[in-house]
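Q: Okay, handing you the structure first.
Just so it is clear, none of the values below were taken in a lab; they were calculated from the coordinates. Note that this is a predicted model, so its numbers are computed, not measured. FYI the Cβ positions are ideal-geometry reconstructions off the backbone, even for glycines, and counts take in every protein chain you see.
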Amino acid sequence: MKLFKLVPLAWVVALILGFYGIALGEGGFEDPTCDKLPDPKHGPFIKGEFTVALDKSDCSIYNVSECAHYNLHAKLKHGNQTHLISFLTSMGGYNICTATASQLKELYKRVPCSKNIGGIFGYPGIPVIADMSITETDFCSGGATLPGFPDVPLDAMIAGEIVIRVVPVN
C-alpha cells in the first residue's frame, strides 16, 4: 500500500523539479515588469557601446535549428562607473548584417530590464533602451556561412552605440 502512495508522489516531485530546472536553466523566470516597458522620457541616461556576433559553439554551428544564437556584449558607462554585460539571444529571424537598429532595439528591448542595468548603476526604476545605432559591420560578405543559412556569414559582427534610460517608477 505504501508503494502505491510513493510512486505518484515521486512523479509529482520529479515533474516539479524538472519544471524548475528548465526555467532556471534558461535564466530563470522573466520579470513581468519587463513585459510592458515605459516610454524612456524621464530618468538618468546610461550610455555605452555594444558588439553582436553569432555564437560559434558546436551547438550553434551544427544544430542551427535548435540552438543557434547571437551574443551581445556591451560596455556601459555612467559617471565614473563602467560595467560590462553579456547576453545571448535567439537569432530572432535576423541576419545581423542586414538587420536595422530598430530591429535590434526590438530584439534586445527586455535585456536592460532583465539584467537590472539601473540597479547595477545604483538607479531604481525600469531601464529602457532609448536609442540604439549600428556604427560598424564587418565580415558580412564572403567567407563561410552558417550551415543551412547561406545568407548568414559565420564571422559577421556588428558594433554600435546604445543609450539606456532608467525610468523612475511612480
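Q: When N counts the residues of the stretch 32-167, how does its alpha-carbon radius of gyration compare numerically with 2.2 N^0.38 Å, as a ratio? Could the numbers behind the result be given before it?
A: On the way: Rg = 15.6 Å, N = 136, 2.2 N^0.38 = 14.2 Å.
Relative to the rule-of-thumb radius for its length, the stretch 32-167 sits at 1.09.
Q: So how do VAL64, VAL128 line up by other beta-carbon neighbours within 10 Å, fewest first? Please list the in-between numbers first.
A: Details: VAL64 17, VAL128 23.
The order, fewest Cβ neighbours first, is VAL64, VAL128.
Q: Then there's this: Go through 36-47, 155-166 and give me the packing order, highest mean Cβ count within 10 Å leading.
A: On the way: 36-47: 14.7, 155-166: 20.0.
Most protected by this proxy first, the peptides run 155-166, 36-47.
Q: Arrange the peptides 133-146, 97-110 so that the one whose residues have, on average, the most other Cβ atoms within 10 Å appears first. Write down the numbers at each step before the final one.
A: Details: 133-146: 12.8, 97-110: 16.4.
By packing density, highest mean first, the sequence is 97-110, 133-146.
Q: For the stretch 44-84, evaluate the Debye formula with one uniform point scatterer on each Cα (no solvent term) and list log10 I(q)/I(0) at q = 0.26, 0.29, 0.32 Å⁻¹, rounded to two decimals.
A: Relative scattering, expressed as log10 I(q)/I(0), comes to -0.80, -0.90, -1.00.
Q: According to a simple spin-label model (label point 7 Å from Cα along Cα-to-Cβ), what is the distance in nm between PHE149 and VAL169?
A: 3.5
Q: Multiply the residue gap between SER133 and ASP55 by 0.36 nm, knock off their C-alpha separation, and tell me the result in nm, one decimal place.
A: Numbers: separation 78, 0.36 × 78 = 28.08 nm, distance 2.12 nm.
Taking SER133 through ASP55 to full extension adds about 26.0 nm, to one decimal.
Q: Net charge near ILE46, counting Lys/Arg +1 and Asp/Glu -1 over other residues with Cβ under 13 Å of its Cβ? Write out the running numbers ahead of the final one.
A: Values: positive: LYS47, LYS75, LYS77, LYS115, ARG165; negative: GLU49, ASP131, GLU161.
Around ILE46, the charge tally is +2.
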